[in-house]
Amino acid sequence: SYITNHLPTAELQALDAAHHMHPFTTNDELAEKGARIITKAKGVFLTDSEGNEILDGMAGLWCVNIGYGRQEMADVAARQMLELNYYNTFFMTSHVPAIALATEIAKLAPGDLNHVFFAGSGSEANDTNIRMVRTYWAMKDKPEKSHIISRKNAYHGSSMGSGSLGGMTYMHEQGGMPIPGIHHINQPDWWAEGGDQTPEAFGLARAQELEAKILELGADNVAAFIGEPVQGAGGVIVPPSTYWPEIQRICDKYDVLIIADEVICGFGRTGNWFGSQTMGIKPHIMTIAKGLSSGYQPIGGSIVCDEIAEVIGSGEFNHGYTYSGHPVCSAVALENLRIMQDEKILDHVNNVAAPALQEGLDKLAEHPLVGGVNVSGMMASLPLSPRKETRSKFAGAAGTVGYMCRERCFANNLVMRHVGDRMIISPPLVITPEEIGTFMTRATKALDETY
Ligand code: PLP
């Protein structure tokens with residue numbers, strides 16, 4: 001009586017629409033068109049229930065960095081399940097997978113980011129961060145230093161806390177977000193909002209909005225600033241070179257902690273282990289998930305600096321998840337980090353994949369529908385525009401052309417998502433130049449069909 005891959009696609013789609021509520025999806029559209037059922041995956045290719053091979057230009061949701069279907073990852077999961085499938089790390093207990101993973105992450109993380117608080121996801125980790133920075137200041141006798149500044153259009157997760165940190169107004173409109181004490185300043189999106197300013201002047205001006213906000217709230221009331229080194233789900237917005245140094249200066253000046261949300265940027269996406277290294281940020285906390293396990297198991301966490309860990313550790317932090325440091329997830333994440341290092345995947349990114357991606361995107365930028373290219377390592381966006389010279393937006397509802405382009409990509413067996421009228425790209429880090437060639441062929445066809 002089990003439902004299997006062998007059922008006809010239409011039957012699977014009907015059951016899916018009848019019983020399965022999807023994230024960020026209109027159920028009516030699901031019922032009308034039917035979901036595309038993905039049955040298996042290998043390397044950078046997905047296979048659907050009709051046998052089509054789809055090139056996954058998004059690495060799932062920016063996470064399958066080492067590619068799909070790796071035997072070593074399955075072996076480690078099976079071994080760990082038999083040895084110790086579950087135990088927690090509450091109440092003075094621990095286990096080897098969590099110890100080993102925390103130690104390895106501390107080794108890879110820059111500076112004095114030497115401590116890891118595990119969570120099941122990026123959202124959970126950002127909820128941890130809200131409570132941790134507020135608790136930190138309270139334990140330093142500054143309980144009023146509790147406000148957190150984030151950015152419009154940022155994505156930090158979907159829970160009440162992390163969704164409040166995020167700056168997606170369409171999320172805030174549902175269910176009573178943001179929670180109190182969270183503020184949003186403008187994002188450093190030069191392509192869409194920079195007008196006639198140079199990217200450098202614009203980046204500086206956008207960073208200085210942080211100083212204005214801190215002064216408005218009072219520096220004694222501001223606990224932290226949170227930002228993705230390169231904004232991902234907001235449309236892959238690579239900030240101008242002036243932006244992060246100015247943010248760093250301002251946070252240092254007013255004793256405001258920096259939380260770098262590395263959920264997408266971490267573990268190689270921008271060509272370094274962490275996006276903070278690419279952007280020259282010195283964070284006090286980094287949020288991690290996704291590429292930590294390449295999506296083979298759900299796991300996230302907060303990498304915390306010595307000072308915060310010492311203060312928090314001097315009392316009981318009344319916070320934690322049943323699956324904090326889950327042994328199978330930890331063992332799998334550790335194997336992922338071993339593969340990343342043994343196979344020198346960062347070298348592959350920097351010497352092979354990122355240059356090939358950049359070259360391909362530069363060619364795509366010549367297409368009349370493409371208004372520009374934003375790229376940092378293996379994450380990129382192509383803003384679509386009716387007139388690239390003026391970076392103009394399309395008449396009519398924002399996102400209509402982007403949606404059409406995404407549909408044409410999918411029809412041509414390519415996953416390239418859209419955020420509004422911006423196409424976004426984040427393939428597995430192991431993608432080869434030949435596969436990038438296939439990406440470009442399919443993307444060009446989709447753009448031609450959208451034009
Ligand atoms: N932070 C960033 C930067 C993200 O991109 C995401 C997810 O896309 C999250 C946090 C939330 O992670 P999760 O979906 O694992 O809860």
task: Determine if the range 399-408 includes at least one residue that is under 30 Å from Val96 (Cα atoms), in contact with a Lys or Arg (Cβ under 9 Å, 6 or more places away or on another chain), of a type in the set (D, E, K, R) and buried (at least 20 other Cβ atoms within 10 Å of the Cβ).
output: no
message: Would you confirm whether or not the range 195-214 contains a residue that is in contact with a His (Cβ under 9 Å, 6 or more places away or on another chain), within 17 Å of Ile149 (Cα to Cα) and in a strand (DSSP E or B)?
response: no
- prompt: Can you tell me which of Gly43, Gly51, Gly34, Gly57 is small (Gly, Ala, Ser) and touching a Gly at 6+ places or on another chain (Cβ under 9 Å)?
  reply: Gly43
message: For the range 25-42: of the residues being at pLDDT 95 or above and in a loop (DSSP other than H, G, I, E, B), which is nearest to Leu414 (Cα to Cα)?
response: Arg36
Residue list for the range 190-231, restricted to those being acidic (Asp, Glu) and crowded, with 24+ Cβ neighbours inside 10 Å: Glu228
field: the range 290-326, residues that are in contact with a Gly (Cβ under 7 Å, 6 or more places away or on another chain), at negative phi and of a type in the set (Gly, Ala, Ser)
entry: Gly291, Gly300
- request: For the range 321-338, state whether one or more residues are touching a residue at least 40 places away in the same chain (Cβ under 8 Å), of a type in the set (Val, Ile, Thr) and in contact with a His (Cβ under 8 Å, 6 or more places away or on another chain).
  value: no
- line: Per the filter on the range 117-171, residues within 14 Å of the chain's Cα centre (by Cα) and among the charged types (D, E, K, R) are Glu124
- prompt: Among the numbered criteria (1) within 30 Å of Ser293 (Cα to Cα); (2) outside any helix (DSSP H, G or I); (3) among the small types (Gly, Ala, Ser), which single criterion is violated by Ala443?
  reply: (2)
field: Looking only at the range 150-159, and only at residues there that are surrounded by fewer than 23 Cβ atoms within 10 Å (Cβ to Cβ) and more than 11 Å from the ligand (Cβ to nearest atom), the one that is nearest to Ile214 (Cα to Cα)
entry: Lys152
- prompt: Which of the following residues is modelled with pLDDT of 95 or more, assigned by TED's automatic domain parsing to the domain that holds Gly234, over 21 Å from the mean Cα position of the chain (by Cα) and of a type in the set (Ser, Thr, Tyr): Ser302, Ser314, Ser324?
  reply: Ser314
query: Quick one: in the range 171-183, which of the residues that are within 15 Å of the ligand (Cβ to nearest atom) and outside any loop (DSSP other than H, G, I, E, B) is nearest to Val256 (Cα to Cα)?
result: Ile182
Condition check for Leu382: assigned to a loop (DSSP other than H, G, I, E, B), in contact (Cβ under 8 Å) with a residue 12 or more places away in the chain and under 30 Å from Thr278 (Cα atoms): no
task: Please give the number of the condition Lys145 fails out of (1) touching a Pro at 6+ places or on another chain (Cβ under 9 Å); (2) buried (at least 21 other Cβ atoms within 10 Å of the Cβ); (3) farther than 27 Å from Asn336 by Cα.
output: (1)
field: Residue within the range 194-211 that is within 16 Å of the chain's Cα centre (by Cα), modelled with pLDDT of 95 or more and under 28 Å from Cys305 (Cβ atoms) present
entry: no
message: If a residue counts only when it is buried (at least 22 other Cβ atoms within 10 Å of the Cβ) and either hydroxyl-bearing (Ser, Thr, Tyr) or in contact with a Phe, Trp or Tyr (Cβ under 7 Å, 6 or more places away or on another chain) (or both), which helices (runs of 4 or more DSSP H) contained entirely in the range 325-379 have at least 3 such residues?
response: 327-342
statement: Among Ser146, Ser121, the single one that is within 16 Å of the ligand (Cβ to nearest atom), closer than 29 Å to Gly166 by Cα and not assigned by TED's automatic domain parsing to the domain that holds Thr47 is Ser121
The range 223-236 residues that are modelled with pLDDT of 95 or more and among the β-branched types (Val, Ile, Thr), paired with ones that are near the ligand (Cβ under 9 Å from one of its atoms) and not in a loop (DSSP other than H, G, I, E, B) (beta carbon under 7 Å, 6 or more apart): Ile226/Leu165; Ile226/Asp261
- line: Filtering the range 232-248 down to residues that are crowded, with 24+ Cβ neighbours inside 10 Å and within 10 Å of the ligand (Cβ to nearest atom) yields Gly232
In the range 52-88, residue surrounded by the fewest Cβ atoms within 10 Å (Cβ to Cβ) [restricted to those that are within 16 Å of the ligand (Cβ to nearest atom) and within 29 Å of His115 (Cβ to Cβ)]: Leu61
query: Regarding Phe91, is this residue in the same structural domain as Val76 (by TED's automatic domain parsing) and within 16 Å of the ligand (Cβ to nearest atom)?
result: no
message: Could you go through the range 64-86 and let me know if any residue there is in contact (Cβ under 8 Å) with a residue 12 or more places away in the chain, within 22 Å of Arg408 (Cβ to Cβ) and part of a loop (DSSP other than H, G, I, E, B).
response: no
task: Out of the residues in the range 249-263 that are among the charged types (D, E, K, R) and near the ligand (Cβ under 10 Å from one of its atoms), state the one that is farthest from Ile226 (Cα to Cα).
output: Glu262
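The values are calculated or read from the model by the stated rules, or taken from the named source; none is laboratory data. Just so it is clear, the model here is predicted, and its values are computed rather than measured. Note that each Cβ is placed from the backbone with ideal geometry, even for glycine, and that neighbours are counted across all protein chains shown.
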